[in-house]
Amino acid sequence: MIEIGKCAKPHGLDGTLKCQIDERYLDDVLQAKALFIGVGANPIPYFIESAREGNQFLVKLEDVNSREDAETLAHKPIFLREEDLLASEDIEDEYADNRYEKWIGYEIIDTEMGNIGKIEQILSLPGHFTAEIIHEGKEVLIPIHESLIVQINKEKKQLFLNLPTGLLNL
């Protein structure tokens with residue numbers, strides 16, 4: 001579990017909560033089906049009915065239907081499971097030169113072509129990073145960018161990408 005913020009106070013009368021969410025986890029919360037709220041020793045799961053951001057981040061949870069219900073959750077920590085975090089969470093600091101080094105040894109799997117090779121090294125080129133792989137006996141450079149990443153499987157050391165058509169034919 002990763003602590004991503006905390007519940008603030010109720011908003012309105014229907015059980016909606018104002019939440020303070022760490023900015024890097026906003027997209028994760030908007031995509032999540034449930035939040036875990038630290039009530040007692042173990043965080044308790046609450047399914048999300050709706051979540052929206054604006055001037056304030058507001059969350060409506062299932063079975064929290066009144067201001068009084070919401071007050072019991074006020075000022076409690078909010079957690080997400082690691083598997084509920086989007087792939088971009090693995091990109092720690094967008095300005096760090098070594099942020100992709102941890103993927104050396106990972107297999108790159110394209111959504112259409114399947115396994116295309118293991119990352120031998122990461123190169124930092126002006127404006128972007130590339131992964132060097134050996135594909136069909138030749139060295140190929142694959143762009144590494146957040147928009148291409150579909151999924152990361154840390155246990156199997158696999159990086160799933162949606163690569164541009166024809167990239168390997170260059």
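The values are calculated or read from the model by the stated rules, or taken from the named source; none is laboratory data. Remember, it's a predicted structure, so these values are computed and weren't measured experimentally. Glycine also receives a Cβ, built like all others from the backbone with ideal geometry; neighbour counts cover every protein chain displayed.
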Checklist outcome for this item: Exactly one of 51, 41, 74, 70 is in contact with a helix residue (DSSP H, G or I) (Cβ under 7 Å, 6 or more places away or on another chain), small (Gly, Ala, Ser) and not assigned by TED's automatic domain parsing to the domain that holds residue 152, and that residue is 51
Next on the checklist: For the structure I just gave you, tell me whether residue 89 is at pLDDT below 90 and closer than 30 Å to residue 3 by Cβ.
Outcome noted: yes
Checklist entry - Only one residue in 129, 79 is crowded, with 16+ Cβ neighbours inside 10 Å, outside any loop (DSSP other than H, G, I, E, B) and modelled with pLDDT of 90 or more, so which one is that? => result 79
Item to check | Of residues in the stretch 1-23 being surrounded by 14 or more Cβ atoms within 10 Å (Cβ to Cβ) and of a type in the set (D, E, K, R), the one farthest from residue 85 (Cα to Cα) | outcome: 14
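Out of the stretch 106-119, which residues are surrounded by 13 or more Cβ atoms within 10 Å (Cβ to Cβ) and assigned to a strand (DSSP E or B)? Write out each step before concluding.
Of the stretch 106-119, the ones surrounded by 13 or more Cβ atoms within 10 Å (Cβ to Cβ) are 106-110, 113, 116-119.
107, 108, 109, 110, 116, 117, 118, 119 - these are the residues of the stretch 106-119 that are surrounded by 13 or more Cβ atoms within 10 Å (Cβ to Cβ) and assigned to a strand (DSSP E or B).
Say whether the condition of being within 14 Å of residue 79 (Cβ to Cβ), assigned to a loop (DSSP other than H, G, I, E, B) and not basic (Lys, Arg) is met by at least one residue in the stretch 7-21.
So in the stretch 7-21, the residues within 14 Å of residue 79 (Cβ to Cβ) come out as 7, 19-21.
Then keep just the ones that are assigned to a loop (DSSP other than H, G, I, E, B); that gives none.
No, because not a single residue in the stretch 7-21 is within 14 Å of residue 79 (Cβ to Cβ), assigned to a loop (DSSP other than H, G, I, E, B) and not basic (Lys, Arg).
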Item to check | Residue list for the stretch 31-50, restricted to those being at negative phi and either among the acidic types (Asp, Glu) or not in a strand (DSSP E or B) (or both) | outcome: 31, 32, 33, 39, 41, 42, 49
Checklist entry - In the set 144, 134, 119, which member is aliphatic (A, V, I, L, M) and touching a Lys or Arg at 6+ places or on another chain (Cβ under 8 Å)? => result 134
Checklist entry - Restricting the first residue to the stretch 1-26 and requiring it to be on the phi > 0 side of the Ramachandran plot, which pairs with a second residue that is polar (S, T, N, Q) and surrounded by fewer than 18 Cβ atoms within 10 Å (Cβ to Cβ) meet a Cβ separation below 8 Å and a spacing of at least six or different chains? => result 5/20; 15/65; 15/66
Item to check | Pair list, Cβ under 6 Å, 6 or more apart: the stretch 41-61 residue at pLDDT 85 or above, other residue among the acidic types (Asp, Glu) | outcome: 47/62; 49/62; 60/49
Checklist entry - Mind checking which residues of the stretch 105-153 are over 21 Å from residue 85 (Cα atoms) and in contact with a Ser or Thr (Cβ under 7 Å, 6 or more places away or on another chain)? => result 123, 141, 142, 143
